[in-house]
C-alpha cells in the first residue's frame with residue numbers, strides 16, 4: 001500500500017539543485033528545477049552509484065557528476081546508449097509548500 005511522507009518545505013532545496021533525504025530507510029534524491037517543479041528519484045546513479053543530488057540539473061534532466069550519465073527526471077529514463085533507468089517517486093507540493101513524496 002502506498003505511503004505518503006512529508007519532507008519539509010521546498011525552500012530547503014535551492015532552485016536548480018537536488019538534496020538527499022532518508023525516507024523509510026531509503027535514500028531519495030529530490031530536485032527543484034528553476035521552473036519550480038519538484039522531482040524525486042533514487043539517490044544513486046545506476047551506473048556506478050554516483051550521487052545524483054550533486055549532479056548538474058538542466059530543465060528536467062539530471063547529469064550524474066561521476067560519469068556524465070543523463071536521466072529524464074519526469075520518467076526516470078536514461079538518455080544515451082547503455083544508460084539504465086532511474087526509479088522515480090511521485091512527489092507533489094502541498095498548499096503550504098511542503099514536499100509530499102509517495103513510496
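The values are calculated or read from the model by the stated rules, or taken from the named source; none is laboratory data. Just so we're clear, the structure is a prediction, and the values are computed from it rather than from any experiment. Cβ placement follows ideal geometry from the backbone for every residue including glycine, while neighbour counts extend to all protein chains displayed.
Of all the residues in the stretch 32-44, those that are over 13 Å from the mean Cα position of the chain (by Cα) and in a strand (DSSP E or B) number 0. Every residue in the stretch 50-84 that is touching a residue at least 24 places away in the same chain (Cβ under 8 Å), assigned to a loop (DSSP other than H, G, I, E, B) and either under 17 Å from residue 35 (Cα atoms) or over 13 Å from the mean Cα position of the chain (by Cα) (or both), please. If the condition is that a residue be touching a residue at least 24 places away in the same chain (Cβ under 8 Å), assigned to a loop (DSSP other than H, G, I, E, B) and either under 17 Å from residue 35 (Cα atoms) or over 13 Å from the mean Cα position of the chain (by Cα) (or both), then 59, 60, 69, 73, 74, 83, 84 are the ones that fit. Among the numbered conditions (1) at pLDDT below 95; (2) within 19 Å of residue 11 (Cα to Cα), the only one that residue 53 does not meet is (1).
Can you confirm whether the stretch 14-31 contains a residue that is assigned to a loop (DSSP other than H, G, I, E, B), without any contact (Cβ under 8 Å) to a residue 60 or more places away in the chain, farther than 23 Å from residue 78 by Cα and touching a strand residue (DSSP E or B) at 6+ places or on another chain (Cβ under 9 Å)? Looking through the stretch 14-31, at least one residue is assigned to a loop (DSSP other than H, G, I, E, B), without any contact (Cβ under 8 Å) to a residue 60 or more places away in the chain, farther than 23 Å from residue 78 by Cα and touching a strand residue (DSSP E or B) at 6+ places or on another chain (Cβ under 9 Å). Of everything listed in (1) in contact with a strand residue (DSSP E or B) (Cβ under 7 Å, 6 or more places away or on another chain); (2) surrounded by fewer than 18 Cβ atoms within 10 Å (Cβ to Cβ); (3) at pLDDT 95 or above; (4) assigned to a loop (DSSP other than H, G, I, E, B), the single unmet condition for residue 100 is (4). Right, residue 47: assigned to a loop (DSSP other than H, G, I, E, B) and modelled with pLDDT under 95 or not? When the stated conditions are applied, residue 47 passes them. Of note, residue 5 does not satisfy the criterion of being within 14 Å of the chain's Cα centre (by Cα) and either crowded, with 19+ Cβ neighbours inside 10 Å or more than 16 Å from residue 72 (Cα to Cα) (or both).
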